[in-house]
1. Please go through (1) surrounded by 22 or more Cβ atoms within 10 Å (Cβ to Cβ); (2) not in a loop (DSSP other than H, G, I, E, B) for THR60 and return the number of the only condition it doesn't satisfy.
2. Tell me the residue from ALA290, ALA262 that is of a type outside the set (Phe, Trp, Tyr), within 20 Å of TYR16 (Cβ to Cβ), free of Cβ contacts under 8 Å to residues at least 60 places away in the same chain and assigned to a loop (DSSP other than H, G, I, E, B), please.
3. Would a scan of segment 14-21 turn up a residue that is modelled with pLDDT of 95 or more, of a type in the set (D, E, K, R) and over 17 Å from LEU267 (Cα atoms)?
4. Would you please list the contacts, defined by Cβ atoms under 8 Å and residues six or more apart or on different chains, that run from a residue in segment 324-348 that is farther than 25 Å from ARG253 by Cβ to a residue that is polar (S, T, N, Q)?
5. In segment 166-188, how many are surrounded by 18 or more Cβ atoms within 10 Å (Cβ to Cβ) and out of contact with any helix residue (DSSP H, G or I) (no Cβ under 7 Å at 6 or more places or on another chain)?
6. (1) assigned to a loop (DSSP other than H, G, I, E, B); (2) modelled with pLDDT of 90 or more: which one isn't true of ASP363, the others all being true?
7. Could you give every pair whose Cβ atoms fall below 6 Å, whose first residue belongs to segment 299-310 and is within 9 Å of GLN334 (Cα to Cα), and whose second residue is of a type in the set (A, V, I, L, M, F, W, C) and part of a helix (DSSP H, G or I), counting only separations of at least 6 or pairs across chains?
8. Quick one: would you say LEU191 is at pLDDT 95 or above and of a type outside the set (D, E, K, R)?
Amino acid sequence: MRLLHLGDIHIGVESYGRIDPATGYHTRLQDFARCLERAVDLALEHEVDAVLFAGDAYRTATPSPTHQQVLAGALLRLLHAGLPIVMITGNHDLPVSYGRATSLDIFATFAPEQVKVVRRPELVTLATRSGPLQVACVPWPTRSSVLADEEIAGQADRDIRIWLETRLRAVIDQLAEQVDVAQPAVLLSHLTVMGASFTGSEQMLLGSVDPVVSPGMLANPRFDYVALGHVHRHQNLNPTGRPAVVYCGSLDRIDFGEAKDAKGVCLVTLGEGADPAARAARYDFLAVPARPFVPIELDIAPEAEPTEWLVKQIDGFPIADAVVRLRYRCTDDQERALDLRAVRAALREAHLVAGITRERPADPRRPRVEINEHHDTLDALGRYLDSRPDLTPLREELLVAAREFDEQLTRRDDAG
């Protein structure tokens, strides 16, 4: 049995791009759509039996019709091929208001026999062309459901987080007990796992009540494979044991924190037989054509002519069609002599120049925060709060308020 494991598509991210005059679409939307189409190509080329989507389809819970069209078109290709799809909700998929439908629910409405959208922990069984597949689903725990629980209402953030983690352990154990070990089974979840290597952008939105689970909590031997979403870097958190506990990573790069990360999907192969040990899963990471991000940091030699020196150094970097950021350090005299127009001309093959800035010694009284027009509201606020320890007690409240404000602006723009 072969499965495609993907997640964190984040359609609608428009950092580090521009409007394409030929189509009217944002170039970053085209980037994410291209990666998603390649993921579908890989599913069809390798003749997978089912698709596991690990959450976070869009940038916000209220995607525009254009963003919905991109995902719908990709899913339609999978449906036409007869593939069953399981989709769990991630933190970006959840509406602000309790009880509202998510942006994923519509797909289960149109194709209930093939698409399962799961918002709460549940064990679902898919009928695939290679036999039944059990999928234990653990979506992102909703903040509203936590606050509505009388048992935990009014408690401190630390107590809420511990309560959530304890509850998640019980839920995962219960789902594992429901599994028929004679049949293939995977755990599909959107969570933060202890020891995971973050790229930066998703870690900034990690709230003080968000649970962090251990790999051992997920690596139950009754599962053949653990498919994770939420962390944007591809990694296996149980590399020497069974089952593999794998983040597939995001489909394209969000910012420069992900510049070195490979982007793609996981092709999972489950063995045959009623013995779980004999069904040991293996997976291959398959790359998609993500947009390159190239950060360039240079110290101009004190004796060098700055413009000529910088242009020569830039020529050694793979900047074609990439998002490029140049930071340089030099003397004050070199700064006055630097021809920035010539430097920018040397970067003309880049898809976008995110900035050309001179690095100066940081103010020791407060850490430097990099915020520019390419960061969205939540990213910028998260970066700022990271530099303000005095605001740590308010961090979660401010991020939630900012998200609600961002959602309201998006809804207003959509209505207009």
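The values are calculated or read from the model by the stated rules, or taken from the named source; none is laboratory data. Bear in mind the structure is a predicted one, so any value in this text is a computation, not a measurement. Glycine gets a Cβ as well: all are built from the backbone with ideal geometry, and neighbour counts include every protein chain shown.
1. Only one criterion in (1) surrounded by 22 or more Cβ atoms within 10 Å (Cβ to Cβ); (2) not in a loop (DSSP other than H, G, I, E, B) is unmet by THR60, namely (2).
2. Numbers: ALA290 fails: free of Cβ contacts under 8 Å to residues at least 60 places away in the same chain.
ALA262 is the lone residue from the list that is of a type outside the set (Phe, Trp, Tyr), within 20 Å of TYR16 (Cβ to Cβ), free of Cβ contacts under 8 Å to residues at least 60 places away in the same chain and assigned to a loop (DSSP other than H, G, I, E, B).
3. Taking segment 14-21 as the starting set, the residues that turn out to be modelled with pLDDT of 95 or more are none.
No, every residue in segment 14-21 fails to be modelled with pLDDT of 95 or more, of a type in the set (D, E, K, R) and over 17 Å from LEU267 (Cα atoms).
4. ALA337/THR307; LEU338/THR307; ASP339/THR307; ALA342/THR307
5. Within segment 166-188, the subset surrounded by 18 or more Cβ atoms within 10 Å (Cβ to Cβ) is 168, 172, 175-176, 179, 184-188.
If we keep only those that are out of contact with any helix residue (DSSP H, G or I) (no Cβ under 7 Å at 6 or more places or on another chain) too, we end up with 168, 175-176, 179, 185-186, 188.
Within segment 166-188, residues that are surrounded by 18 or more Cβ atoms within 10 Å (Cβ to Cβ) and out of contact with any helix residue (DSSP H, G or I) (no Cβ under 7 Å at 6 or more places or on another chain) number 7.
6. In the conditions (1) assigned to a loop (DSSP other than H, G, I, E, B); (2) modelled with pLDDT of 90 or more, ASP363 misses (2) alone.
7. ILE300/TRP309; PRO306/ALA337; THR307/ALA342
8. Working: at pLDDT 95 or above: no; of a type outside the set (D, E, K, R): yes.
Spelling it out, it is not the case that LEU191 is at pLDDT 95 or above and of a type outside the set (D, E, K, R).
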